[in-house]
Structures are given as C-alpha cells and as structure tokens.
Amino acid sequence: MSEKKRSISALKNGTVIDHIKNENTFKILQILNLKDEHLMIGTNLKSKKLGKKGIIKVADKELSKEELNKVSFVAPKATIALIKDYDVKKKFEIDFPKEFVGVAKCGNYNCITNNEPVETHFFTLSQDPIIVKCKYCEKVFSNELEII
Amino acid sequence: MNFKGRDVISIGDFSKDEIIHILKTAKEMESNPKLFLVGKLMGTLFFEPSTRTRLSHEAAMEKLGGAVIGFADPAVTSKKKGETLQDTIKMVDQYVDVIVMRHNHDGAARAAAEVSKVPIINAGDGANQHPTQTLLDLYTIQKSQGKFDGLKIVMIGDLKYGRTVHSLAVALSHFKCEQYFVAPKSLKMPKYVITHLKDKNIKFYETEKMGGVLSKADIIYMTRIQEERFPDRAEYEKVKGVYILSKSKLKNVKKNMKILHPLPRVNEITQDVDNTPYAYYFEQAGNGIPTRQAILALILGAKK
Ligand SMILES: [Zn+2]
C-alpha cells in the first residue's frame with residue numbers, strides 16, 4: 001500500500017475533498033455547514049498544483065450536486081474521492097459549472113435578487129481566476145461573493 | 001427576422017443584424033406610419049417615475065392604433081402593499097399584450113421577463129440597462145450621418161455612472177466607429193467597457209480635455225455631471241465648469257457634426273447652442289417614437 005493510499009484510507013466511509021486552495025480550506029467547512037460531522041482537516045500541505053493546499057475528510061457523507069457546486073465556487077481545482085469501506089469508490093475533479101444558481105449572494109446591493117424573492121443566478125465568464133456575471137444586474141464579480 | 005414574443009431587456013441580447021433590422025424598421029415607421037397595433041394593449045408599469053420615457057412609449061403605442069393602461073407613480077402600485085414584482089407581472093400579463101416597465105432595482109426587468117407570458121420592454125432597471133434609449137441613440141446617429149462606419153463619436157461628461165454611454169459604447173462596437181471618451185479622472189469610462197472595446201479591436205481614445213477632440217467629432221454625446229457623484233466637493237468644483245458645451249466652442253467643428261444628449265440637460269449645453277445647426281438633442285428625443293414603434297410592432301408580430 002502506498003503512502004498516499006494509506007492516508008486516504010484512514011476514512012472508513014465518507015468523502016475526501018482534496019486540492020483545496022489552502023486559504024479556502026476553512027471556508028469549505030462553512031459553506032457545507034459541517035459542524036457535527038467527524039472531520040479530518042489538513043492545511044499547509046505541499047502541492048505541485050497549488051503550492052500549498054488543504055484537504056478535508058468528512059465521515060459518512062456524500063456531497064450532493066448542489067454542495068459540489070458550492071465547493072467548486074471556492075475551490076475550483078478540488079478533487080473529490082468517495083470512500084466506501086476504506087476503498088476509493090469514485091474519484092473525480094469537480095466540473096466547474098457554467099452557471100451557479102442559488103449558490104452565492106449577488107454583491108450588488110441594488111440587484112433585484114437582494115430585494116425581491118428572486119433566486120441568484122451567475123454565469124461563469126472565467127474559471128481561473130473565477131469571474132462570474134449576475135444574470136440579473138449584469139455586474140461582474142470575482143469569487144469574493146458571499147455563499148448562500 | 002422574427003422578433004415576435006421577444007423581450008427587450010438588455011442591448012447585449014441583440015446581435016448586430018438584429019440591431020440593424022430594428023433601425024431599418026424604425027425608418028419605415030417614420031416614413032410610412034400605419035395603424036399596425038389596433039386592438040393591442042400595452043401596460044406601462046413605472047415602479048419608478050420617468051415621465052419622458054413613459055410618454056415616449058405611450059405616444060409610440062397610441063400612434064400605431066394601440067391602447068395603453070398602467071401606472072406612473074410608485075405610490076399607487078401594489079409594491080406598497082408588499083406584493084412581489086413577479087406577482088404583479090403575473091397579474092398584469094393577464095390583461096395586456098406587452099409590458100413596458102421601469103424599476104429602481106438592477107435586473108428587475110430580467111426577473112419580470114422570466115415569469116411574464118407577454119413580452120417585457122425594459123424602460124430602465126436601476127443603473128443597469130435602458131435598451132430602447134440605446135436603440136434610439138443608434139437610430140439618431142444613423143439618421144443624422146447616414147452611416148456608422150468611419151464615424152468619430154465623442155462622449156463627454158460623466159462616463160462612469162452614465163449607463164447611457166456604457167450601452168452606447170458597447171453597441172457602437174458592432175460598427176467601425178472611433179470612440180473618444182472625455183471625462184474627469186474620477187468619472188472615466190468603466191473598465192468593463194474599455195475591456196470590451198479592446199476585445200473587439202475598436203479604436204478609442206481617453207482624455208480629460210475637451211478642446212482637442214471637438215473638431216474631429218461627427219457626433220458629440222453630452223452627459224450631465226452630477227455633484228452627488230463626487231466624493232468631495234472640491235473635486236466637483238474643479239470640473240463643474242469644464243465640461244460645458246457653448247456656442248463659442250463650436251467654431252472649428254465639422255459641418256455635419258451633431259450634438260446629442262439623453263435629456264434632461266441642466267447647463268452642460270448652453271442655450272445658445274440650440275439655434276446652431278449642430279443641436280440635435282430634441283430631434284433625438286423625437287426619434288424615440290419611431291424607434292419604440294419599431295420595437296413594439298416587431299415584438300407584437302405586426303412587422304417582421
Ligand atoms: Zn445581481
């Protein structure tokens with residue numbers, strides 16, 4: 001068993017979110033609202049892709065499509081591994097969505113989505129760096145938007 | 001080209017060919033007006049008052065034989081009673097064939113169009129878009145100069161907050177015009193417009209001084225500089241007298257040059273300009289009629 005495999009295998013069942021931009025590691029906990037789950041968190045880990053990266057292991061949890069969307073918004077290069085019985089059942093890179101619906105609040109306070117019950121909707125203009133455009137007010141933002 | 005049922009929300013939703021088609025239809029409306037819209041009803045929902053925009057749309061509709069209902073004052077709207085915008089639209093679209101709306105929030109027209117079963121014309125959504133103004137500006141430029149390609153268009157004043165000039169600059173990028181932006185440092189054309197022009201390889205120039213560019217212009221598009229846009233008063237005092245067009249500044253301009261302004265003007269064009277052959281801002285307002293007639297006739301399917 002390789003060194004790498006063993007460290008992931010420490011989780012019996014659950015999800016590993018790897019290659020998180022180091023400074024966004026704790027943001028992931030917040031946007032997924034992870035509180036009571038059994039968590040293993042690593043930060044300041046060496047990464048060829050990112051320089052420094054974060055990793056989060058969540059026991060007994062699978063991410064929904066909506067949750068993956070939120071993760072991709074703060075960690076566009078993340079890889080997700082689904083663990084069943086200490087085995088990597090599925091491993092994939094998150095597809096960066098072309099649109100984000102109901103994920104983040106619009107940064108324009110005068111936007112209709114901040115004033116009426118209209119769900120937010122952004123179009124992706126660029127993935128790296130993340131640049132999105134509000135479908136409604138047409139304002140363009142980078143990823144410092146507040147996640148809903 | 002089939003526009004039937006189309007919303008008119010943002011100038012960016014229209015291709016170059018579609019814009020040209022709307023302008024061509026506007027010309028037909030002006031030269032050969034007919035009662036294209038008898039029996040059609042337009043709802044004007046002005047959640048934010050704007051008398052001139054509302055009158056222009058209503059005149060356009062009535063001159064085509066259509067009828068108009070609506071409200072002009074937000075105090076009487078259901079918004080006051082706490083009804084959501086989308087609910088208001090879902091009620092009004094039961095009554096009318098087309099809705100013209102103005103709203104104080106950015107993106108309101110797009111949100112309305114999502115639930116409306118009749119076409120929505122955006123007559124201004126906050127600081128965002130006012131596409132019929134852009135189309136009438138384009139119509140005015142084409143009508144007064146006979147073309148777009150090769151024109152030198154000079155925009156002066158508040159280029160930062162003026163949505164009119166943003167949309168115009170972007171729309172003109174469909175054509176081979178040269179654009180000149182004259183503004184104080186703090187009111188320069190926003191980056192997204194500049195980036196767009198660069199991406200489309202449009203020749204443009206930015207300057208703080210009005211003097212050098214007036215003699216080059218085919219079109220001068222004036223805008224108002226508002227004091228409340230300035231972080232400090234001293235800065236406003238410095239520029240307030242600088243971007244004013246008076247008759248004495250027009251000595252060396254081209255013969256065909258026309259001055260436009262979205263109106264209302266305050267003092268940025270002095271009254272003595274009105275009687276020169278260059279003044280064209282009142283005609284520009286008049287051009288709102290055939291332009292809006294064209295839009296109405298197209299989206300209601302009376303013209304193709
Ligand atoms: Zn927005």
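The values are calculated or read from the model by the stated rules, or taken from the named source; none is laboratory data. Everything numeric in this text was worked out from a predicted model, so none of it was measured. Neighbour counts are summed over all protein chains in view; Cβ atoms, including those assigned to glycine, are modelled from backbone coordinates with ideal geometry. Areas reflect the complete protein model, heavy atoms only, side chains present, ligands, DNA and RNA absent. Shrake-Rupley method; radii C 1.70, N 1.55, O 1.52, S 1.80 Å.
The single condition from (1) more than 14 Å from the ligand (Cβ to nearest atom); (2) open to solvent by less than 50 Å² (accessible area, probe 1.4 Å); (3) β-branched (Val, Ile, Thr); (4) not in a helix (DSSP H, G or I) that A:Val71 fails is (4).
Within the stretch B:174-194, the set of residues being surrounded by fewer than 20 Cβ atoms within 10 Å (Cβ to Cβ) and over 28 Å from B:Lys240 (Cα atoms) comprises B:His174, B:Phe175, B:Lys176. Against the test of being in contact with a helix residue (DSSP H, G or I) (Cβ under 7 Å, 6 or more places away or on another chain), away from chain B (no Cβ under 14 Å) and at pLDDT below 95, the options A:Phe73, A:Phe100, A:Phe92 yield a single qualifying residue, A:Phe100. Of all residues in the stretch A:74-107, those being in a strand (DSSP E or B) and of a type in the set (Gly, Ala, Ser) number 2. Filtering A:Thr113, A:Thr124, A:Thr120 for residues that are more than 13 Å from every other protein chain (Cβ to nearest Cβ), in contact (Cβ under 8 Å) with a residue 12 or more places away in the chain and within 16 Å of the ligand (Cβ to nearest atom) leaves a single hit, A:Thr124. Looking at A:Tyr136, is it aromatic (Phe, Trp, Tyr) and within 16 Å of the ligand (Cβ to nearest atom)? Yes, satisfied.
Scanning the stretch B:22-51 for residues that are under 21 Å from B:Gly124 (Cβ atoms) and assigned to a loop (DSSP other than H, G, I, E, B) gives B:Phe47, B:Glu48, B:Pro49, B:Ser50.
Within the stretch B:168-195, being of a type in the set (Gly, Ala, Ser) and part of a loop (DSSP other than H, G, I, E, B) holds for B:Ser173, B:Ala183. Hey, any hits in the stretch B:142-152 for a residue that's open to solvent by 10 Å² or more (accessible area, probe 1.4 Å) and hydroxyl-bearing (Ser, Thr, Tyr)? Looking for residues that are open to solvent by 10 Å² or more (accessible area, probe 1.4 Å) and hydroxyl-bearing (Ser, Thr, Tyr), one finds at least one in the stretch B:142-152, hence yes.
The set of residues in the stretch B:242-257 that are closer than 18 Å to B:Gln142 by Cβ and open to solvent by less than 40 Å² (accessible area, probe 1.4 Å) contains only B:Met257.
The residue that is farthest from the ligand (Cβ to nearest atom), among those in the stretch B:86-109 that are assigned to a strand (DSSP E or B) and more than 9 Å from chain A (Cβ to nearest Cβ), is B:Val98.
Of all residues being more than 9 Å from every other protein chain (Cβ to nearest Cβ) and part of a loop (DSSP other than H, G, I, E, B) in the stretch A:127-148, which is surrounded by the most Cβ atoms within 10 Å (Cβ to Cβ)? Just the residue, please. The qualifying residue surrounded by the most Cβ atoms within 10 Å (Cβ to Cβ) is A:Leu145.
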